[in-house]
Amino acid sequence: MRVVFFGPPGVGKGSQAELVAKAMDYNILSMGDILREEIRAKSTIGVKVENFLQRGSLVPDELILEVVDDFLLENRGKGVIFDGFPRNLHQAIALEQALSRLNEAVSFAIGFVLERDEIVKRLTQRRYCNRCNAIYNLTSGPSIKPGVCDECGGELTIRGDDRESVIVERLKVYESQTKPLIEYYSGLGIYRPVDAGGSKQEVYSRVMGVLDAHHA
Ligand code: AMP
């Protein structure tokens with residue numbers, strides 16, 4: 001199966017992608033993680049995209065689609081979760097076309113739904129490991145030792161774009177560019193909304209409910 005996870009920033013897409021991928025032995029394309037790694041490595045693509053991430057705007061589609069093409073070829077025939085891609089209609093159509101060239105298609109697009117106050121709260125409390133990308137929340141899911149990653153011992157930091165001014169911009173970008181995917185995937189009959197409220201485990205059960213229904 002190929003499953004798209006989308007929604008506003010801070011709804012827990014990344015954490016859910018990790019859980020589902022582990023349970024189902026899927027690979028994840030996490031566009032944000034890939035871009036942050038490129039920036040850290042100061043690669044050609046990293047230098048090009050850094051400003052966009054800092055401002056909270058979308059990276060131009062050409063750059064994103066280059067990364068995706070490589071990933072699709074490497075993951076042909078495998079179960080995949082697309083986390084944070086597509087993020088606009090052009091990307092969604094490009095994904096559909098690229099998959100159909102490989103005789104594949106998106107099985108479901110799961111849209112995570114959460115109210116704005118809760119999103120802002122989660123983002124400002126989010127910490128991530130800049131070594132292995134593990135995600136924590138200061139209140140609902142802290143690391144055992146403050147500031148230190150449970151998985152790899154790396155240092156936990158606040159993402160530069162989790163500052164309040166950038167959060168506002170990212171929410172605007174979601175509303176204007178990503179939200180139209182609801183209509184697009186509804187039209188294809190594969191949109192599945194999932195309530196992102198509650199604990200990680202509760203949300204995980206809802207996601208698995210959607211995916212299990214596919215096998216039933
Ligand atoms: P995320 O980690 O998914 O919150 O993504 C962090 C940032 O990476 C976004 O605010 C964008 O600047 C950039 N980004 C991630 N995915 C995409 C995408 N599919 N298209 C364009 N920009 C993206």
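With springs only between Cα atoms under 10 Å apart, run a GNM on the chain and tell me which of Ala23, Ala196, Ala92 wobbles the most.
In the Gaussian network model the winner is Ala23.
How high is the relative contact order of the chain, given as a whole-number percent (alpha carbon pairs under 8 Å, six or more residues apart)?
Computed over the chain, the figure is 30 percent.
Say R0 is 30 Å: what FRET efficiency, to the nearest 0.05, do Met208 and Asp61 get from their beta-carbon distance?
Result of the calculation: an efficiency of 0.45.
What does the C-alpha gyration tensor say about the overall shape of segment 110-216? Classify as rounded when a/c is under 1.5, otherwise prolate if a/b is larger than b/c, or oblate.
oblate
Going by the alpha-carbon gyration tensor, a ≥ b ≥ c the square roots of its eigenvalues, is the chain rounded (a/c under 1.5) or, if a/c is not under 1.5, prolate (a/b greater than b/c) versus oblate?
Here the chain falls in the rounded category.
All other residues with a Cβ under 13 Å from the Cβ of Glu66 taken together, and with Lys, Arg as +1 and Asp, Glu as -1, what is their net charge?
Once all neighbours under 13 Å are counted, the net charge is -4.
Within 10 Å, count the other beta carbons around each residue, average over each peptide in 104-115, 10-21, 169-180, and list them highest first.
Ranking the peptides 104-115, 10-21, 169-180 by packing returns 10-21, 104-115, 169-180.
Taking a threshold of 28 Å on the Cα-Cα distance, which of the pairs Lys13/Lys48; Lys48/Lys179; Lys22/Lys145; Lys22/Lys172 fall above it?
Among Lys13/Lys48; Lys48/Lys179; Lys22/Lys145; Lys22/Lys172, the Cα-Cα distance tops 28 Å for Lys22/Lys172.
Rg(Cα) of segment 13-105 divided by 2.2 N^0.38 Å?
This ratio for segment 13-105 stands at 1.09.
Can you compute the FRET efficiency between Glu74 and Leu188 using 1/(1 + (r/R0)^6), with r the Cβ-Cβ distance and R0 = 25 Å? Round to the nearest 0.05.
With R0 = 25 Å, the Cβ-Cβ based efficiency is 0.50.
Between segment 1-61 and segment 152-199, how far is it from one alpha carbon centroid to the other, in angstrom?
Taking the Cα centre of each part, segment 1-61 and segment 152-199 sit 11 Å apart.
Read the figures in this text as sums done on the coordinates, not as results from a lab. Remember, it's a predicted structure, so these values are computed and weren't measured experimentally. Neighbour counts are summed over all protein chains in view; Cβ atoms, including those assigned to glycine, are modelled from backbone coordinates with ideal geometry.
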